[in-house]
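The values are calculated or read from the model by the stated rules, or taken from the named source; none is laboratory data. Keep in mind that what you see is a predicted model, and the values were worked out from it rather than measured. Heavy atoms of the whole protein, side chains included, go into the accessibility calculation; ligands, DNA and RNA do not. Shrake-Rupley method; radii C 1.70, N 1.55, O 1.52, S 1.80 Å.
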Amino acid sequence: MGLATVHRIAHDHRGHLLIESDGGARFDVLLPADAATAAPAQPAGAPAPALQHRPLGGRVLLVDDEESVLGFMRELLKSWGSDVVAVRQAPRHTKCWPPAT
C-alpha cells in the first residue's frame with residue numbers, strides 16, 4: 001500500500017500516522033484502543049469525512065511521480081483549504097518557481 005493510503009485508513013479510524021527517518025524509516029500507526037470509538041470503515045470511493053478542524057490555508061508544492069497519488073493528495077490538501085500546485089517532477093532550478101500559470 002502507498003503511504004497516502006495508509007494515512008487515509010488511519011485517519012478514517014480516528015488514528016494517526018507517525019513517521020521518523022534517521023538513516024532508515026519507522027512508521028507508527030496509532031489507532032484508538034477501543035474499537036467502539038473508531039469511525040466505521042468507509043466503502044471504497046466514499047467521500048472523506050467532513051472537515052472538523054480549522055482549514056490549513058497556505059500554498060503547497062506537491063511532487064509525486066505517481067499520478068494516482070498526486071491526484072489523491074491534491075484533492076485532500078485542497079479539501080483542507082490549501083492552495084495546491086501539483087507536479088510530477090520537482091523543479092530543477094529555484095528560478096522556475098513559482099510555475100507560470
Problem - Residue-span extension gain [HIS16 to ASP65] - 0.36 nm each, minus C-alpha spacing - result: 15.2 nm
Exercise for the section: Enter the accessible area of ASP22 (Å², nearest 10), with the probe set to 1.4 Å and all protein chains included. Expected result: 150
